[in-house]
1. Put a dot 7 Å past each Cα toward the Cβ at residue 101 and residue 215; how far apart are the dots in nm?
2. Kindly provide the GluC sites (Glu not before Pro) of segment 150-221 that DSSP labels as loop, not H, G, I, E or B, and whose Cβ sees at most 16 other Cβ atoms within 10 Å.
3. Given R₀ = 30 Å, what would the calculated FRET efficiency be for residue 86 paired with residue 139, taking r from the Cβ atoms and rounding to 0.05?
4. Taking segment 1-100, which GluC sites (Glu not before Pro) meet the DSSP loop condition and have no more than 16 other C-beta atoms within 10 Å?
5. Just checking my list (i) 26, 24, 19; (ii) 33, 21, 18; (iii) 40, 28, 17 against semi-axes √(5λ) of the Cα gyration tensor in Å computed from this structure; which label fits?
6. Using a Gaussian network model of the chain whose springs link C-alpha atoms within less than 10 Å, name the residue from 186, 154, 135 with the highest mean-square fluctuation.
7. Quick check: pseudo-label points 7 Å beyond the Cα along Cα→Cβ at residue 262 and residue 191, how many nm apart are they?
8. Mind checking the full-extension length gain between residue 286 and residue 27? Use 0.36 nm per residue of separation minus the Cα-Cα distance, one decimal, nm.
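Nothing in this text is a laboratory measurement; each read-out follows from the coordinates by a stated rule. Computed from a predicted model, the values in this text were never measured in an experiment. Heads up, the Cβs are rebuilt from the backbone with ideal geometry, glycines too, and the neighbour counts pull from every protein chain shown.
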Amino acid sequence: MKVMNIGSVNLDYVYRVPHLATPGETLSADERIVNLGGKGLNQSVALARAGLPPEHACIIGKEHQHLILEAFKAELIGTSLIEVADAPSGHAIIQVDMAGENSIVLYGGTNKMLTHELIDRFLASLDAEDVLILQNEVNELAYIVDRAHSRGIQVVLNPSPVSEALKQIPLEKISWLILNEVEGYQLTGKSETDEILESLLSSNSDLKIVLTLGHKGSIYADSMQRVSQEAIQTEVVDTTGAGDTFTGYFLASALMGESIKTSLERASLAASIAVSRQGAMQAIPYKSEV
C-alpha cells in the first residue's frame, strides 16, 4: 500500500501577541518566528514521525526549494513528485496569544498552481486501494477527488479550510473524513456532535469519520460503530498544527492495522505533546515520544 499526500507547503510567519487582534486594532508582537508549515507538510511530517512516511506531491517556489526539500528528506518523505516553479511559495501569517490560541491568514502561492496534467501524473503512481491524503489548501481539489475515486484510490479528506467549492465535492467519493467540530458545522449546518455525524453519514454510508472536539476529545464514526476518546490534558503553549499532528498519527496507526481505539489514543497523545510546544512542524512528536 502506497500513501501519497497532495498537499500544501508554506512558510509560516508566527507572531507572539498578548491577544488575537480584533477588527481595526493595531497590535505589537512580542516575537516573530519563521518556520516551515502548511497543512500538507505538517500532515506528511506527522505521518512520517508516526512511522508511515508518505510520498508528498506539490509545487514549491524556487526561492525556498532547498530549505523545503531538505526538510522532507530529513523526515524520509518522498520528494520525487515535488515540482519547482519560479513563483512565491505559499505562506501564512499566524498570531499566537498567551493562551496558545491562534489566528491564521493564508496565502496560497504555488499551492494554487496545480494543473490537470500535473495531477494526472501524480496519481499515475498510485494503484487501486492505495491511499491519497488531501486538505483544502491546494487548487483543483474536486478534480483530484474525482480522478482518484475513478481509479479506486482511497481518498482521505481533511476539509480545512472549508469553502463553498469544497462543499460541492460529493462525499460518496471520500473514504475517510477527518475534521473538527467547527468544520463539521460548516459542512452540515449542525452544531451537535450526533447531528453532524448523522448528516455526514447520510451522504455516504461507507464513510469513515473522525471528528475532533477540542477539550472534549474526539470520536470515530461509521455506519456500524462509534468510538470515543477523551482529550489528554496538558499545558497548552501553541495549538498551531495540533489538528495536523492528530490527523497524521491517527492515519498512520489506522493504516498500519491498529484498532480505531488505539489509533485515536495515539493521535490524542501526539496532539497533546504538540500543543505543549511552540510551532507547528517542529512541535510534532516522534513515535518514540508518543
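1. Label-label distance for residue 215 and residue 101, simple model: 1.1 nm.
2. Values: sites: 164, 172, 181, 183, 192, 195, 198; in loops: 192.
Filter output for segment 150-221: 192.
3. 0.95
4. Working: sites: 25, 31, 55, 63, 70, 75, 83; in loops: 25, 75.
In loop regions of segment 1-100 (DSSP not H, G, I, E or B), the sparsely surrounded GluC sites (Glu not before Pro) are 25.
5. Answer label, from the structure shown: (i).
6. It is 186.
7. Placing both labels 7 Å beyond Cα along the Cβ direction yields 3.9 nm.
8. On the way: separation 259, 0.36 × 259 = 93.24 nm, distance 3.52 nm.
Between residue 286 and residue 27, full extension yields an extra 89.7 nm.
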